[in-house]
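K.L.:
The structure follows.
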Amino acid sequence: MKESKNLRFYDTLTRRKRGFKPLKDGKVGMYVCGPTVYSDPHIGNFRSFIVGDLIRRWLEYRKYEVFYVMNITDIDDKTIRDSGREGVSLREFTDRYTRSFLKGIDLLNIKRATVYPKATENILEMIEFIQELIEKGLAYEASDGVYFDIDKFPGYGKLSRIELSAVKPTERVSSDEYGKESPNDFALWKAASDEELERGIFYDSPWGKGRPGWHIECSVMSKKYLGDTIDIHAGGEDLIFPHHENEIAQSEGLTGKTFVRFWMHIGYLMINGRKMSKSLGNYISFDEVLSKYTPNEFRYFYLSTHYRKQIDYTEEAMANAKNASKKLSNTIDLAEEAFKSGLERLEYGKREEEFLNGILGLKSDFEDAMDDDLDTPRALNTLHQMSKLINEYLSKPVNKGVLSEAYEIYRSLLGALGLFEKRTSFEGGLFEELIKVIIETREKLRSEKNYALSDKIRELLSKIGVILSDKPDGTSWTIERR
RNA sequence: GCCGGGUUGGCUGAGAGGUUUAGGCGGCUGCCUGCAGAGCAGCUUUAUGGGGGUUCGAAUCCCUCACCCGGCUCCA
């Protein structure tokens, strides 16, 4: 586990995979566009967060120190609109959905970002940033706010490769011009509306009372925590245009430096062949998924498709993920049972040597796959092969030292994907004693061939998540992983 | 209209000119088991959207057609 020379990521700007090396040796600054907290996040949103987590974990596996920033957009049209409809303060409203977002993050075993800056807590910095853009002649004040003048930024469109002259104007654009000089100019600062004034949702600025536009927060907060140039900026593919395009215009316009070294974009989550989105109303809530599947099964589902590809949520795909992930976790249980077992061999023979070589080879395959733009489908493949190797080795008495080495590798690779880290541990204590009593009692029943009752006990325990396995040398138990 | 991405066996999903039956799921058989589960062994006989072309040889390169998905200022 050290820095890889072969680590490469696909960069949207250059449209190709490039070798990754951070600006500062050993340290990576990364920024992922976070949620707008106006409702409970749906499982499509979480794809981005899981992939962000994946990038971060892999960099850490490769021994980089990662400073991870994810913004929380807590002031925008929708948060203002919906809190108003509900008749609660903006703050109360966004706090609620911020908590909901963080709850999902924890449930899915997504490692917390280093910092989650909120838009409303960085208003002063935004005002300064906008002021500088105006001074540089890149932005102008209009009757209803401040706009960025995209004609003044020659590189505009380089990320999305969009040619604005060819863009078919939509109704939205034409009906939404207000004080803009050009339809594609975007708002940096929006003058407060009557409703906003009434509800006290505004900030004082050199341009009167108002609030920031959406795009400015990312430029400002990433600069604040990560500096002018950041290594990685990731987000859903729907953000390429205009959000990220605008961020580039703002940041590079201001500093004259490269804003982002690697733009990484995440494919949509589809549902039955259609993009899942709140506005289409075809989304599945987070709670609904977690009532049917465990976080690990859900994560496995995400991992089974490469992050840049669109992934289709179907019951079939989920069943697939459920079974396949179970297979991987079974190996953990089998190995742990073997550690407890009295059967063992102490010698290091050909079987051990071949076994370990196989494991090491697969570990290297896994690393190659992940280094290649986080190819998780391929990485999972090597994990399945490794699982099989370990299971095979376990089918005969094992050398526990050798097993331990393989086990550690297997767990560390699973951990790099965020799989099966949270294990319900009931080892020791009263719980374990209780299970032992039950197993012994049941053993007695079985020796008396009272299978009806012993099967009933097994069935009832399985309903509460305690799985008994009868084997020739006794009965073992595990807790079903949630 | 303009710009991207995709089309591989029942499902999922690799491969990226000449090993691969990729792997997984599902299904089936055998072993093990009182049974179940898990596991092991094996089978499910090489599928690559259509049509051209390049090549000794293409799922992999080129052309073309078809279909699907997405973006074009709500959006992860």
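K.L.:
So, in region A:366-378, how many residues would count as being in contact (Cβ under 8 Å) with a residue 60 or more places away in the chain, within 11 Å of RNA strand B (Cβ to nearest atom) and in a helix (DSSP H, G or I)?
P.N.:
Here the count works out to 3.
K.L.:
Right, here's the next one. Which of the following residues is more than 22 Å from A:Thr376 (Cβ to Cβ), open to solvent by 70 Å² or more (accessible area, probe 1.4 Å) and more than 9 Å from RNA strand B (Cβ to nearest atom): A:Glu336, A:Glu288?
P.N.:
Numbers: A:Glu336 fails: open to solvent by 70 Å² or more (accessible area, probe 1.4 Å).
Criteria check complete, one pass: A:Glu288.
K.L.:
Out of A:Lys327, A:Lys396, A:Lys309, A:Lys322, report the one residue that is open to solvent by 70 Å² or more (accessible area, probe 1.4 Å), within 13 Å of RNA strand B (Cβ to nearest atom), touching a Phe, Trp or Tyr at 6+ places or on another chain (Cβ under 9 Å) and at pLDDT below 95.
P.N.:
Answer to the selection: A:Lys322.
K.L.:
Does region A:77-87 include one or more residues that are among the basic types (Lys, Arg), open to solvent by 50 Å² or more (accessible area, probe 1.4 Å) and touching a strand residue (DSSP E or B) at 6+ places or on another chain (Cβ under 7 Å)? So that I can check it myself, show each step before the final result.
P.N.:
So in region A:77-87, the residues among the basic types (Lys, Arg) come out as A:78, A:81, A:85.
So of that shortlist, the ones also open to solvent by 50 Å² or more (accessible area, probe 1.4 Å) come out as A:78, A:81, A:85.
Filter once more, keeping what is touching a strand residue (DSSP E or B) at 6+ places or on another chain (Cβ under 7 Å): A:78.
Scanning region A:77-87, I find at least one residue that is among the basic types (Lys, Arg), open to solvent by 50 Å² or more (accessible area, probe 1.4 Å) and touching a strand residue (DSSP E or B) at 6+ places or on another chain (Cβ under 7 Å), so the answer is yes.
K.L.:
Count, please, the residues in region A:39-64 that happen to be assigned to a loop (DSSP other than H, G, I, E, B) and more than 8 Å from RNA strand B (Cβ to nearest atom). Break it down into steps so the answer makes sense when it comes.
P.N.:
Let us first name the residues in region A:39-64 that are assigned to a loop (DSSP other than H, G, I, E, B), namely A:39-41, A:62-64.
Within this subset, residues satisfying the condition of being more than 8 Å from RNA strand B (Cβ to nearest atom) are A:39-40, A:62-64.
Here the count works out to 5.
K.L.:
Moving to a separate point now. Can you name the condition, by its number, that A:Arg211 falls short on among (1) free of Cβ contacts under 8 Å to residues at least 60 places away in the same chain; (2) not in a loop (DSSP other than H, G, I, E, B)?
P.N.:
(1)
K.L.:
Of everything in region A:250-285 that's aliphatic (A, V, I, L, M) and over 22 Å from A:Thr376 (Cβ atoms), which residue is farthest from RNA strand B (Cβ to nearest atom)? Don't jump to the end; show me each part of the working.
P.N.:
Within region A:250-285, the subset aliphatic (A, V, I, L, M) is A:254, A:260, A:264, A:266, A:269-271, A:276, A:280, A:284.
Still in the list and also over 22 Å from A:Thr376 (Cβ atoms): A:254, A:260, A:280.
Values: A:Leu254: 19, A:Val260: 15, A:Leu280: 7 Å.
Top of the filtered list is A:Leu254.
K.L.:
Further question: In the same structural domain as A:Ile232 (by TED's automatic domain parsing), among the small types (Gly, Ala, Ser) and in contact with a Cys (Cβ under 8 Å, 6 or more places away or on another chain), is that true of A:Ser89? Working first, answer last.
P.N.:
Working: in the same structural domain as A:Ile232 (by TED's automatic domain parsing): yes; among the small types (Gly, Ala, Ser): yes; in contact with a Cys (Cβ under 8 Å, 6 or more places away or on another chain): no.
So A:Ser89 does not fit the description; no.
K.L.:
Determine whether A:Lys363 is out of contact with any Lys or Arg (no Cβ under 6 Å at 6 or more places or on another chain), more than 10 Å from RNA strand B (Cβ to nearest atom) and not in a helix (DSSP H, G or I). Full working, then the answer.
P.N.:
Values: out of contact with any Lys or Arg (no Cβ under 6 Å at 6 or more places or on another chain): yes; more than 10 Å from RNA strand B (Cβ to nearest atom): yes; not in a helix (DSSP H, G or I): no.
Taking the combined requirement at face value, the residue does not satisfy it.
K.L.:
Would you confirm whether or not region A:341-352 contains a residue that is in a helix (DSSP H, G or I), away from RNA strand B (no atom under 12 Å from the Cβ) and open to solvent by less than 10 Å² (accessible area, probe 1.4 Å)? Spell out the reasoning first.
P.N.:
We begin by selecting, within region A:341-352, every residue in a helix (DSSP H, G or I); these are A:350-352.
Okay, now just the ones that are also away from RNA strand B (no atom under 12 Å from the Cβ), so A:350-352.
Next, only the ones that are open to solvent by less than 10 Å² (accessible area, probe 1.4 Å) stay: A:352.
So far as region A:341-352 goes, yes, one or more of its residues are in a helix (DSSP H, G or I), away from RNA strand B (no atom under 12 Å from the Cβ) and open to solvent by less than 10 Å² (accessible area, probe 1.4 Å).
K.L.:
OK, next. Could you list all residues from region A:432-472 that are within 10 Å of RNA strand B (Cβ to nearest atom) and within 24 Å of A:Thr331 (Cα to Cα)?
P.N.:
A:Arg458, A:Glu459, A:Ser462, A:Ile467, A:Leu468, A:Ser469, A:Asp470, A:Lys471, A:Pro472
K.L.:
Here's something else I'd like to know. Checking the structure you have, find out if any residue of region A:26-46 is more than 18 Å from the chain's Cα centre (by Cα) and basic (Lys, Arg).
P.N.:
Filtering region A:26-46 for residues more than 18 Å from the chain's Cα centre (by Cα) gives A:26-27, A:38-39.
Filter once more, keeping what is basic (Lys, Arg): A:27.
The answer is yes, given that some residue of region A:26-46 is more than 18 Å from the chain's Cα centre (by Cα) and basic (Lys, Arg).
K.L.:
Quick one: would you say A:Phe9 is in a strand (DSSP E or B) and not basic (Lys, Arg)?
P.N.:
Yes; evaluated as a whole, the condition is true for this residue.
K.L.:
Further question: Would you confirm, using the coordinates I've provided, whether A:Ser454 is out of contact with any strand residue (DSSP E or B) (no Cβ under 7 Å at 6 or more places or on another chain) and either at pLDDT below 90 or within 26 Å of A:Leu383 (Cβ to Cβ) (or both)? Spell out how you get there, then give the answer.
P.N.:
Numbers: out of contact with any strand residue (DSSP E or B) (no Cβ under 7 Å at 6 or more places or on another chain): yes; either at pLDDT below 90 or within 26 Å of A:Leu383 (Cβ to Cβ) (or both): no.
Considered against the rule, which asks whether it is out of contact with any strand residue (DSSP E or B) (no Cβ under 7 Å at 6 or more places or on another chain) and either at pLDDT below 90 or within 26 Å of A:Leu383 (Cβ to Cβ) (or both), A:Ser454 comes out as no.
K.L.:
I would also like to ask the following. Exactly one of these conditions fails for A:Pro154: (1) open to solvent by less than 50 Å² (accessible area, probe 1.4 Å); (2) closer than 25 Å to A:Lys257 by Cα; (3) modelled with pLDDT under 90. Give me its number.
P.N.:
The one condition A:Pro154 does not meet is (1).
K.L.:
Separate question: Do you know which of the residues in region A:158-174 that are open to solvent by less than 90 Å² (accessible area, probe 1.4 Å) and more than 6 Å from RNA strand B (Cβ to nearest atom) is modelled with the lowest pLDDT? Explain how you work it out, then say what you get.
P.N.:
Applying the first criterion (open to solvent by less than 90 Å² (accessible area, probe 1.4 Å)) to region A:158-174 yields A:158-160, A:162, A:164, A:166-167, A:170, A:173-174.
In the following step, the residues that additionally are more than 6 Å from RNA strand B (Cβ to nearest atom) were identified as A:158-160, A:162, A:164, A:174.
Working: A:Lys158: 89, A:Leu159: 91, A:Ser160: 88, A:Ile162: 79, A:Leu164: 68, A:Ser174: 43.
Selected residue: A:Ser174.
K.L.:
Here's a follow-up. So which of A:Asn282, A:Asn246 ends up being in contact with a strand residue (DSSP E or B) (Cβ under 7 Å, 6 or more places away or on another chain) and not in a helix (DSSP H, G or I)? Give the steps one after another, and end with the answer.
P.N.:
Details: A:Asn246 fails: not in a helix (DSSP H, G or I).
Exactly one of A:Asn282, A:Asn246 is in contact with a strand residue (DSSP E or B) (Cβ under 7 Å, 6 or more places away or on another chain) and not in a helix (DSSP H, G or I), namely A:Asn282.
K.L.:
Return the pairs, sorted by first residue and then second, in which the second residue is part of a loop (DSSP other than H, G, I, E, B), the first residue lies in region A:295-317 and is acidic (Asp, Glu), the beta carbons are less than 9 Å apart, and the residues are 6+ apart or on different chains.
P.N.:
Cβ pairs passing all conditions: A:Asp312/A:Asn272; A:Asp312/A:Gly273; A:Asp312/A:Thr305.
K.L.:
Please indicate, with yes or no, whether at least one residue in region A:230-238 is under 27 Å from A:Lys278 (Cα atoms), in the same structural domain as A:Tyr116 (by TED's automatic domain parsing) and either assigned to a loop (DSSP other than H, G, I, E, B) or open to solvent by 60 Å² or more (accessible area, probe 1.4 Å) (or both).
P.N.:
Within region A:230-238, one or more residues are under 27 Å from A:Lys278 (Cα atoms), in the same structural domain as A:Tyr116 (by TED's automatic domain parsing) and either assigned to a loop (DSSP other than H, G, I, E, B) or open to solvent by 60 Å² or more (accessible area, probe 1.4 Å) (or both).
K.L.:
Residue under question is A:Asp149, and the condition is that it be within 14 Å of RNA strand B (Cβ to nearest atom) and either open to solvent by 30 Å² or more (accessible area, probe 1.4 Å) or modelled with pLDDT of 95 or more (or both); does it hold? Reasoning before the result, please.
P.N.:
Numbers: within 14 Å of RNA strand B (Cβ to nearest atom): yes; either open to solvent by 30 Å² or more (accessible area, probe 1.4 Å) or modelled with pLDDT of 95 or more (or both): no.
No: the conditions fail for A:Asp149.
K.L.:
Look through A:Ser387, A:Ser412 and report the one residue that is farther than 18 Å from A:Phe298 by Cα and either within 16 Å of RNA strand B (Cβ to nearest atom) or assigned to a loop (DSSP other than H, G, I, E, B) (or both). Talk me through it step by step, then tell me what you get.
P.N.:
Details: A:Ser412 fails: either within 16 Å of RNA strand B (Cβ to nearest atom) or assigned to a loop (DSSP other than H, G, I, E, B) (or both).
Checking each option against the conditions leaves just A:Ser387.
The values are calculated or read from the model by the stated rules, or taken from the named source; none is laboratory data. Worth saying up front: this structure is predicted, and the values here are computed from it rather than measured. Cβ sites come from the backbone with ideal geometry, for glycine too, and all protein chains shown count toward neighbours. For accessibility, only protein heavy atoms count, side chains too; no ligands or nucleic acids. Shrake-Rupley method; radii C 1.70, N 1.55, O 1.52, S 1.80 Å.
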